[in-house]
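Comments concern the structure below.
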Amino acid sequence: MPGGADDWVYVVTDVEFDGPWPGPNSMLSMASVAVRLDGTRHGEFEAVLKPLPGAGPNPATLAWFQTQPEAWLAATTGRRPVADVMSDYVGWVRGLPARRMFASSPLALDAVWVDYYLRRFTTYAVLQGPDEPDPLFTGPGLCIRSFAAGVTGRPVADLAADAFPPAWLGEVSHSHRAIDDARGYANLLVHLARQRTPSRES
């Protein structure tokens, strides 16, 4: 790639939740795929979480899930204590090669949920300030949707998952099952990186 090879590991993450607000609502499930831009994979993480104490689902979100029974089943089966899931997630991320960057599509959605849960149940976060030692992620975060806009020249608002050819997502259906969507976005990130990389022969 211009300026040297990109040796970062991108922790491509998708979350499913039962409402718009972390805290009053709960994250139901989360999944991450660790990938380099050359397509090298470094593993996956997937978990279904118990609801937060005192939280409740948003009626509109719950109504939407009623139209997606398979997604609801995937997001509510095998629920585990939140503190255990977040501890396991930290251990998994810390076991990845150095220079790790959180990535999602869009970053402003998934990162907000994961950051809230990390800060509430661990000593880490998605974005940690300069005065916080031992950061979990060593990069500022990557918005895959914004990256796609830069590569394709299309407006960010037009680039939901269904806007891309299935081949760009590695033929992984965007099912609203967290691991499926994380895998699809990981494939998309690699595809976009190859699109923007000039051929060595050019």
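The values are calculated or read from the model by the stated rules, or taken from the named source; none is laboratory data. Note that the coordinates shown come from a computational prediction; the quantities given were computed from them, not determined experimentally. Backbone-built Cβ (ideal geometry, glycine too); neighbour counts: all protein chains shown.
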Open item on the list: Here are the criteria: (1) under 23 Å from H191 (Cα atoms); (2) aliphatic (A, V, I, L, M); (3) assigned to a loop (DSSP other than H, G, I, E, B). Tell me which single one L136 does not satisfy.
Closed with: (1)
- [ ] Answer yes or no: is there a residue in segment 158-167 that is outside any loop (DSSP other than H, G, I, E, B), among the acidic types (D, E) and surrounded by fewer than 16 Cβ atoms within 10 Å (Cβ to Cβ).
- [x] yes
Open item on the list: Looking at segment 99-121 only, could you name the residues that are farther than 17 Å from F45 by Cα and either more than 11 Å from the chain's Cα centre (by Cα) or among the acidic types (D, E) (or both)?
Closed with: R99, Y116, R119, R120, F121
- [ ] Could you please tell me which pairs satisfy a Cβ distance under 6 Å, a separation of 6+ or placement on different chains, a first residue in segment 34-48 that is closer than 13 Å to R100 by Cα and in contact (Cβ under 8 Å) with a residue 24 or more places away in the chain, and a second residue that is surrounded by fewer than 19 Cβ atoms within 10 Å (Cβ to Cβ) and hydrophobic (A, V, I, L, M, F, W, C)?
- [x] A34/L96; H42/L96
Open item on the list: Suppose we keep only residues that are surrounded by fewer than 16 Cβ atoms within 10 Å (Cβ to Cβ) and without any contact (Cβ under 8 Å) to a residue 24 or more places away in the chain within segment 168-189. Which one would you say is nearest to A31 (Cα to Cα)?
Closed with: S173
Task: Filter result (under 12 Å from L142 (Cα atoms) and buried (at least 22 other Cβ atoms within 10 Å of the Cβ)) within segment 99-123 - done: F102, A103, S104, S105, D110, A111
- [ ] Name every residue in segment 130-186 that is closer than 16 Å to L37 by Cβ, of a type outside the set (G, A, S) and touching a Phe, Trp or Tyr at 6+ places or on another chain (Cβ under 7 Å), in order of residue number.
- [x] L142, I144
TODO: Evaluate segment 83-94: report whether one residue or more is at pLDDT 95 or above, more than 16 Å from the chain's Cα centre (by Cα) and assigned to a loop (DSSP other than H, G, I, E, B).
DONE: no
Task: Residue check for V82: crowded, with 18+ Cβ neighbours inside 10 Å, farther than 30 Å from L192 by Cα and either among the polar types (S, T, N, Q) or touching a strand residue (DSSP E or B) at 6+ places or on another chain (Cβ under 8 Å) (or both) - done: yes
Open item on the list: Give all pairs with beta carbons closer than 8 Å in which a residue from segment 123-141 that is closer than 15 Å to V9 by Cβ meets a residue that is surrounded by fewer than 18 Cβ atoms within 10 Å (Cβ to Cβ) and basic (K, R); count only pairs at least 6 apart in sequence or on separate chains.
Closed with: L136/R94; T138/R99; G139/R99
Open item on the list: If W72 meets every condition in (1) surrounded by 15 or more Cβ atoms within 10 Å (Cβ to Cβ); (2) without any contact (Cβ under 8 Å) to a residue 12 or more places away in the chain; (3) closer than 19 Å to G139 by Cβ apart from one, which number is that one?
Closed with: (3)
Task: From the options A103, A34, residue that is under 22 Å from H174 (Cα atoms) and in contact with a Ser or Thr (Cβ under 8 Å, 6 or more places away or on another chain) - done: A103
